[in-house]
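**Student:** Structure incoming, see below.
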Amino acid sequence: MAAQRAPQFFAGKEIKVGIIGCGYVGLPLGLRFAEIGHRVTGFDTDQKKVDHLNAGRSYIQHIPANKIEEYVKAGRFGATTDFSNIREMDAVLICVPTPLDERREPDLRYVEQTARAIAPHLQRNQLIVLESTTYPGTTEELVLPILEASGLRCPIPPKDAETDGIQPDFYLAFSPEREDPGNKQYGLAQIPKVVGGVNSASGRAAAGLYAQIVSRVVPVSCTRAAEMVKLLENIFRCVNIALVNELKQLCLRMGLDVWEIIDCAATKPFGFMPFYPGPGLGGHCIPVDPYYLSWKAREYDFATRFIELAGEVNTAMPYNVVEAIAGALNDRRKSIKGSKILLLGVAYKKDVDDLRESPSLKLLELLTERGAVMDYNDPYFPALHKMRHYDFSNMRSVDLTPEQLASYDCVLIATDHSSYDYESIVRNATLVVDTRNATRRVKEGHGKVVHC
């Protein structure tokens, strides 16, 4: 049975923390709890991940294996596929994917399946926290009823209640993940944690838990507010990236360097924050999360026009890149069909081993459909595998030798990894299409470079 602790005892006590979903969000979170001395169990349906973790191995580039191995040997971290062990946990944190379906509508199957896996093992005084990004209302409308089917209750107070005074059987909260893979300046411990509970007791319980691992906990009034906070953060980025992506297209027509313009504007010490264009949106949040809110807004007869417009601009970017490649090849009396094209970088951003929603995958698909003979190079991905929307499982990263670079009709820079030698790339390639301004410091061969 789970330890029967009230939330005020979370502080300063060894507790058992369960992390459901041992990916880019769940694994760092679990290791942080283990780091401060708590006993952590990672739950995942992927047996390979579980085996890797229990053997002290890492499958995420920026998480060192020696840290996992240290906590496993100390008995503070382990992983399992057996969800019945949830009954032993004091707190259970849900960190599962929340993708979009084929119609760009929320796909909450993983959240729902996880809640149903927890319910039969739910114990009194357990704290359950959803961290997966989703639309406002998910915790109350989807997760809560499933958990309450266990017979335990976590009541939602009336809207006009000044203080709810509720003593629930279990505690339920939402705290949005703010993980940024590859960010060396802000790690999990330095990023404030927003927390909202279904009721005030749940909010206090979650705040007491997270206060042990982060520098600051920011409580909000309810789970719906916490869910909206995460969406606002990512919609802000989505809209501003769409703005510079659109301006990039205009600057190209006007013969202006959009990167120069952005960098100069960023010298203003107030009222401006730089965002940079690219071949499309990538990552687990920005390409997905805005659509969660626009979908939910329809329930309130509300059109989220900024979100929809930003989505249109950003979704069009890979298509714009393909057209730029077509134009550049056409200038050299070639067509896309039959041309050999090397794509540099399949990760969604530089220097990470993260493929989620990468625009490079869309570029591979579009160029292949147009008849190009495609290869790729990425130091973080020796081979590609079958994914939710793409299957490039027959592709392996090629070497970047001078001879190899010279053999392609076009080299497409989709992700600007720091390890790439851009001087060598431009020197040896016949044509370089640069979507990231990665060649800006290359002094020679700019007649070969096309920016898009």
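The values are calculated or read from the model by the stated rules, or taken from the named source; none is laboratory data. Not measured: the values here are computed from a predicted model. Counting neighbours? That spans all protein chains shown, and the Cβs are built from the backbone with ideal geometry, glycine included. Areas reflect the complete protein model, heavy atoms only, side chains present, ligands, DNA and RNA absent. Shrake-Rupley method; radii C 1.70, N 1.55, O 1.52, S 1.80 Å.
**Student:** Below 8 Å, C-alpha to C-alpha, sequence gap of six or more: please give me the relative contact order for the chain in percent.
**Tutor:** Relative contact order, the chain: 11 percent.
**Student:** Tabulate in residue order the Karplus-calculated ³J(HN,Hα) for segment 376-387, using 6.51 cos²θ - 1.76 cosθ + 1.60 with θ = phi - 60°, rounded to whole Hz; enter x for Gly and Pro.
**Tutor:** So the Karplus estimates, Gly and Pro as x, are 9, 9, 7, x, 9, 9, x, 8, 9, 9, 6, 10 Hz.
**Student:** Quick check on segment 401-448: take the gyration tensor over C-alpha atoms, sort the square-rooted eigenvalues as a ≥ b ≥ c, and tell me if it's rounded (a/c under 1.5), prolate or oblate.
**Tutor:** rounded
**Student:** Heavy atoms only, probe 1.4 Å: what % of the accessible area of segment 40-85 goes to carbon and sulfur, would you let me know?
**Tutor:** Roughly 45 percent of what the probe reaches on segment 40-85 is carbon or sulfur.
**Student:** Applying a 10 Å radius around every beta-carbon, put 187-200, 433-446, 330-343 in order of their mean neighbour count, most first.
**Tutor:** Top to bottom by mean Cβ count within 10 Å: 187-200, 433-446, 330-343.
**Student:** For segment 61-121 and segment 396-415, what is the centre-to-centre distance using only Cα atoms, to the nearest Å?
**Tutor:** With segment 61-121 and segment 396-415 each reduced to a Cα centre, they are spaced 38 Å.
**Student:** With a ≥ b ≥ c the root eigenvalues of the C-alpha gyration tensor of segment 184-248, is it rounded (a/c under 1.5), prolate (a/b larger than b/c) or oblate?
**Tutor:** Oblate, since a/c reaches 1.5 and b/c is not below a/b.
**Student:** Please compute the length gained on full extension between Lys184 and Asp101, using 0.36 nm multiplied by the number of residues separating them and subtracting their Cα-Cα distance.
**Tutor:** 26.6 nm
**Student:** Continuing with the same structure: Quick one: work out the % antiparallel among DSSP beta bridges in the chain, nearest 5.
**Tutor:** Percentage antiparallel, nearest 5: 10.
**Student:** Go through 87-95, 224-232, 117-125 and give me the packing order, highest mean Cβ count within 10 Å leading.
**Tutor:** Per-residue mean Cβ counts within 10 Å order the peptides as 87-95, 224-232, 117-125.
**Student:** Treat every Asp and Glu Cβ in the chain as -1 and every Lys and Arg Cβ as +1, leave all other atoms uncharged, and give the resulting dipole magnitude about the Cα centre to the nearest 20 debye.
**Tutor:** My answer is approximately 480 debye.
**Student:** Is there a pair in Lys48/Lys184; Lys230/Lys296; Lys340/Lys443; Lys16/Lys184; Lys67/Lys184; Lys49/Lys230 whose C-alpha atoms are over 20 Å apart, and which pairs would that be?
**Tutor:** Lys48/Lys184; Lys340/Lys443; Lys16/Lys184; Lys49/Lys230
**Student:** Before anything else, pin down the relative contact order of segment 222-368: Cα pairs under 8 Å, at least 6 apart, normalised by residue count, whole percent.
**Tutor:** 27 percent
**Student:** Run the accessible area of segment 318-422 with a 1.4 Å probe and give the carbon-and-sulfur part as a rounded percent.
**Tutor:** 46 percent
**Student:** Normalising by the residue count of segment 151-195, find the relative contact order in percent from Cα pairs under 8 Å and 6+ residues apart.
**Tutor:** 33 percent
**Student:** Going highest first, how would you order 312-324, 147-159 by mean Cβ packing within 10 Å?
**Tutor:** So the peptides 312-324, 147-159, ranked by packing, come out 312-324, 147-159.
**Student:** What accessible area per residue, rounded to a whole number of Å², is obtained for the chain using a probe radius of 1.4 Å?
**Tutor:** 46 Å²
**Student:** Going by a ≥ b ≥ c, the root eigenvalues of the Cα gyration tensor, does segment 28-125 fall in the rounded group (a/c under 1.5), the prolate group (a/b larger than b/c) or the oblate group?
**Tutor:** Oblate shape, in that a/c is at least 1.5 and b/c is the bigger or equal ratio.
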